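Reading through the structure tokens given below for one structure.
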Amino acid sequence: MKNMQRRKNVFADKASIILRMMLQDPNKKWVARDFVGENKVSLGFAQEVLEELSRRGFVERVKKGPKSFTVLTNKEELINAWQKYYKYELNEVDLYYSPEKNILKKIKSILKKDKYALTLHSGANLITSYVRTDNIYFYFISKNWEKDILRLRQELDLKELVSGGNIYIINPYYKKSFLFGSQVINGFHVVSNLQLYLDLYNFQPRGREHARYLDIALKNQGNSLA
């Protein structure tokens, strides 16, 4: 037992890059080298993740010597397992208040040179218009969180209340991978459909309801979660 190799957490940040790539092209025949390079995943790391995905029955590894490959065989089961592991609360969130009615447009203008992406109802509503809410949720990437948040608060004139607020600035749990597959909708940067679904699924209020509606809406549009 002491010599048993520790199993790779396939839903951890760096490992999830492999999952996101496979879900984005579910019919492709993958080899470990496909995940190496700009995504900063080593060959050995990719092989370990593929091995664990195979052990859990999400992929099939076809052994043909130098022509060996891996195919995604259980997409729905993989997403179901991922949504059980991941919760929006894994992120760190700063909460502020703004009385401005057009705060979302102001955020888009000020953050155009920064790494940000809308999520939860704020992002999904650009696709579905399903949940009416005044709350704004967006991921923000910063090398110096306190300094950049202070600047952002000043530029957006955000207030810090004793309790409550309507502007949720999110320091992502998935620091390496949260922007993978991100999209631009109506000029706004939004996380991928997959990340929207994962964020919404265990979120209250009305997150799971919105996640399921998003899935249906995308399928009706001929699109997918990934």
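Rule-based calculations on the coordinates, nothing more; no lab input. All figures in this text were calculated on a predicted structure; none of them were measured in a lab. Backbone-built Cβ (ideal geometry, glycine too); neighbour counts: all protein chains shown.
Charges only on Cβ, +1 for Lys and Arg, -1 for Asp and Glu: so what's the dipole of segment 74-226 about the Cα centre, in debye to the nearest 20? Write out the running numbers ahead of the final one.
On the way: 22 positive and 16 negative charges, 68 e Å.
That gives segment 74-226 a dipole magnitude of about 320 debye.
Relative protection proxy for 76-82, 127-133, from highest mean packing down: 76-82, 127-133 (other beta-carbon atoms within 10 angstrom). Among the lysines of segment 13-85, pairs at least eight places apart or on separate chains and with Cα atoms under 21 Å apart come to 17.
Just to verify a number: FRET efficiency for Lys75 and Asn186, C-beta to C-beta distance, R0 = 30 Å, to 0.05?
Numbers: r = 28 Å, r/R0 = 0.95.
E between Lys75 and Asn186, to the nearest 0.05, is 0.60.
A straight line joining the Cα centroids of segment 168-226 and segment 13-83 runs 21 Å.
Sorted from longest to shortest, the spans of the Cα atoms of segment 1-78 along the three principal axes equal 38, 29, 27 Å.
Model label points for Ser163 and Trp145, set 7 angstrom from Cα along the Cα-to-Cβ axis, are 2.4 nm apart. Here mean projected area of the Cα convex hull in nm² was calculated from the structure, and among [x] 11.4; [y] 13.9; [z] 14.9 it sits at label [z].
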